[in-house]
Every structure is written in structure tokens, then in C-alpha cells.
Amino acid sequence: MTKVIPVTMERRAGPNGGYFPPAFLKNCWYVAMWAEELAPGQLAARKIINESLVFLRKEDGSVLAMDNRCPHRFAPLHMGKVLPGDKIQCPYHGLQFDAAGECVHNPHGAGTIPARARVRTYPVVEKHLCLWVWMGDRAPDESKIPDFGILDRAPKAHMTRPDGIRVRAHYQLVVDNLLDLSHAMYLHDGILATADSANAEIKIAEAGDSVTVGRYAYGVPIVGLHKVYWLHDGPGDRFSEIRWDAPGALLLRQGVCSPGAESTTGSGYYGVHMLTPETESTTSYHFIALRFGVHTPPEDDEQINERIAKTRLFAFAEQDAPIIEAQQRNIDIATQPLSPSLISIDSGLVRCKRVLQRLLQED
Ligand code: FES
């Protein structure tokens, strides 16, 4: 007689414990790079939501983007040559493609061009110091580029250099990090915050596809980077407000004002954070900062900007990225569905996830 052995089915979580959204948003704008990174006539490769793209700054100064894969035998086009008329010559067998992605020259045999020898192109807009690329099939809507006009209006003397790092984690973990600024007390203790702001007031506002999370600590010691731009002694009111635009564009307004005063009377900086998913486990992270309420002498501008740039790079690359990448590794090995134990500091995150879920359904 055959013995029947009961089998307990392991409850599988799917990839990453089902923690991340099942897909990337497509019909939206992603930052491909800082505009200044692409010189005239130069090719640059970027991976965006699992697509490999090549960018070229054309002769008229505008930028084209197309699939970075030759349709002949799939060589990457960014390794090729730029020819007059904004044509790209494949590095392998020399097929040439025009700015519309059409193959316009075959140097072999009779020069016949196969009907399918074309590559997909993507709309690109240069705005707010960035190159934005539209990855979806729907008609691109330029009005959907999040408003970072602050970058166009700020005096150069009060801006840091454009910067960036690559984080080996899903972009959502970096969004989570930025929306929950309470982590600054622990990860950036003494640099950006201290335990004094543990009971900060949290305010959340939602408008369209955007969510803003505010955090306000009253009458607290002013520490670290904040002392560079806030020249008064004694405690102050610290504020940080971060606006999220789906899926990964964030604008932080962070600073200090006198106790009881309006934050508009204070000093601080805007931190621009642009997150572009490369894959499910890598993110291209662009950032820059610009000061407001500046009362420091102009001769100190360069040094202050440098201090802000260095501190932020250190905080993101040496303090945030290691913990975010460790989170990713922990999530990667989950065999059970992951459901976070939420606490009060997570309310902003939850709102953003709801917005993203709605947008993904519409996508
Ligand atoms: Fe591009 Fe052959 S792979 S021409």
C-alpha cells in the first residue's frame, strides 16, 4: 500500500516578499541625467526601468534617446560613432541610424536595409537642469514633469554642484528613506539631527499625485550642517518638508528659524532628490541643494556650498546607502510575504504608496 505523505505547501512570497510594487510606472518622466553631463555630439548610456537607452545631444542642442541595442545583432549603440546629421553608426558592422531610429545606411552587399532595422526612440525634455525621458506608450505630457522651477530661479552662488550616486536597491527603499526624515536622528546623528527631534510634529498634505510630509521640532539645539547657514546661538525651530511627486522626484525644504517664528523667516536649503529606477535592485540617485534665506557673507558662499555638498554626499553615500542596500539584501531573501509593522513616522509613506498604486492601475 502506498503511504501518502502530507505535503505542507510553503507559502511563497513572490520576488522580494511582495514588498515592492509589481511594476514600474511607465507613462511618466524619469531623470536620465543632469543636462550638463551630455556634451554636444556625445553618446551616453543609461538604464531606466530595465531598458537600456542611448542618449545623444544633437547638432541643434536638443537630445535624442533610443534603445541602446542595434537590431542587427544587438551591439550597444553607445559604443558607436556619431556621424554628421545626428546619425549613430553601430560599432559592430556599421549600420547607421538617424535621429528617428530608422536604419538609413547598410555598408554591406547591395546596401539593402531590412524592414525591421529600426530602433525605438523616446521623448526627451531638458528642464530644471535635467534630461527627462518619457518611457510610456501614451503621448508624452510635458506638464507632468514635476515642478523644480526653484532650480531655474536660484542664484548660482547659492547652489551646490549637481551630484549623484548609484544605490544597489529598489528605488522605493530610497523614497521610503527620504519620506521618513526621523531616520536622521539615528543615521545622521549630530550631522543633520539629534534625538531632541524624536517627538517632532508631523504634518502630511496631499495634492493630486503629490504628497508632502512636514516635520517640525521646536526649540531644539541647532547642530551639524544647520550651524553652517544659521548663525544665531541658542535653540531654534527646525523644519523639514519634503514633497514627493510620483514615482521618484522629491523636493526637500529644510532649515531653522527663531523659536516661534514663521519658517518663511528662517534659513536653510532646498534639497532636490531625483530617483530613477535602473532595475528592481539598482537606482540612479541625482541630487543638488540650493540655499534660501541667506544671511552669510557672499565671500563665504563657495565654502558653504562645498560644505553642504560634501555633507549631503557623505550622508547619502556613506550613511543612507549602506542601510538601504542591507534592507534590500534582507528583503531579497524573504520566503514569506513581507508586511511592514507600521508606526507613526510611516504615515507619509503609506499615502505615497496609495497614490502610486492608483497611478500603476491607470498606467
Ligand atoms: Fe549593429 Fe551588426 S550589431 S551592425
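The values are calculated or read from the model by the stated rules, or taken from the named source; none is laboratory data. Note that the structure is a prediction, hence the values are computed from the model and not measured. Cβ sites come from the backbone with ideal geometry, for glycine too, and all protein chains shown count toward neighbours. We work out accessible area using only protein heavy atoms, side chains counted, and drop any ligands, DNA or RNA first. Shrake-Rupley method; radii C 1.70, N 1.55, O 1.52, S 1.80 Å.
Over all directions, what mean area does the Cα convex hull of the chain project, stated in square nanometres?
Values: hull surface 102.1 nm².
About 25.5 nm², averaged over all directions.
May I ask you to order 326-335, 24-33, 343-352 by the average number of other C-beta atoms within 10 Å around their residues, highest value first?
On the way: 326-335: 13.9, 24-33: 22.8, 343-352: 16.7.
So the peptides 326-335, 24-33, 343-352, ranked by packing, come out 24-33, 343-352, 326-335.
Residues in the range 269-288, backbone N under 12 Å from the label point at residue 332 (7 Å along the Cα-to-beta-carbon vector): list them, ranges by number please.
280-282
I'd like to check one number: the per residue accessible area of the range 59-132, probe 1.4 Å, reported in Å² as a whole number. If you can, show how the numbers build up before the last one.
On the way: 3930 Å² over 74 residues.
Each residue of the range 59-132 exposes 53 Å² on average to a 1.4 Å probe.
Between residue 153 and residue 189, what's the calculated FRET efficiency when r is the beta-carbon distance and R0 is 25 Å? Round to 0.05.
Details: r = 33 Å, r/R0 = 1.34.
For R0 = 25 Å, the calculated efficiency reads 0.15.
From the P(r) of the range 172-228, can you give the percent of Cα pairs sitting at distances over 20 Å?
Numbers: 470 of 1596 pairs.
Value for the range 172-228 (Cα pairs over 20 Å): 29 percent.
Would you mind checking the range 233-258 for residues with the amide N under 11 Å from a putative spin-label position 7 Å along Cα→C-beta of residue 265?
257-258
With a probe of 1.4 Å, find how much accessible area the range 180-257 has per residue, and write the answer as a whole number in Å².
Working: 3050 Å² over 78 residues.
For the range 180-257, the per-residue accessible area is 39 Å².
Just to be sure I understand the model, the point goes 7 Å from the Cα along the line to the Cβ. What's the resulting residue 227 to residue 300 distance in nm?
Simple spin-label model gives 1.3 nm for this pair.
Using 7 Å Cα-to-Cβ label points, what is the residue 317/residue 26 separation (nm, one decimal)?
3.5
P(r) for the range 66-207, please, calculated from all Cα pair distances in 5 Å bins and given in %.
P(r) over the range 66-207, rounded to whole percents: 2, 7, 11, 11, 13, 13, 11, 9, 7, 6, 5, 3, 2, 1, 0, 0.
Expressed as a whole percentage, what fraction of the accessible surface of the chain belongs to carbon and sulfur atoms when a 1.4 Å probe is rolled over the protein heavy atoms? All intermediate terms of the calculation are to be shown ahead of the outcome.
Details: 9390 of 17930 Å².
Percent of accessible area from carbon and sulfur atoms in the chain: 52.
Taking the Cα centre of the range 311-363 as origin, sum charge times position over the Cβ atoms of Lys and Arg (+1) and Asp and Glu (-1), and report the length of that vector in debye to the nearest 20. Don't skip to the end; give the middle numbers.
Values: 6 positive and 7 negative charges, 46 e Å.
Roughly 220 debye for the range 311-363.
Once you put a point 7 Å from the Cα of residue 139 and another 7 Å from the Cα of residue 110, both along the Cβ direction, what distance in nm separates them?
4.1
Quick one: grab the alpha carbon gyration tensor of the range 136-294, order the square roots of its eigenvalues as a ≥ b ≥ c, and give me rounded if a/c is under 1.5, else prolate or oblate depending on whether a/b is larger than b/c. Could you put the intermediate results ahead of the total?
Details: a/c = 1.80, a/b = 1.58, b/c = 1.14.
Verdict is prolate for the range 136-294.
Using 0.36 nm per residue, how much length does the chain from residue 325 to residue 58 gain when fully extended, once their Cα-Cα distance is taken away? Working shown, then result.
Working: separation 267, 0.36 × 267 = 96.12 nm, distance 3.68 nm.
Contour length minus the Cα-Cα distance gives 92.4 nm.
Mind checking which of 356, 321, 337 is farthest towards the positive end of the range 309-363's charge dipole, using Cβ charges of +1 (Lys, Arg) and -1 (Asp, Glu) about the Cα centre?
Of the candidates, 356 comes out farthest on the positive side.
Please report, for the Cα atoms of the range 244-363, the Rg to one decimal and the Dmax as a whole number; what are they, in angstrom?
Cα-based Rg and Dmax for the range 244-363 come out at 18.1, 57 Å.
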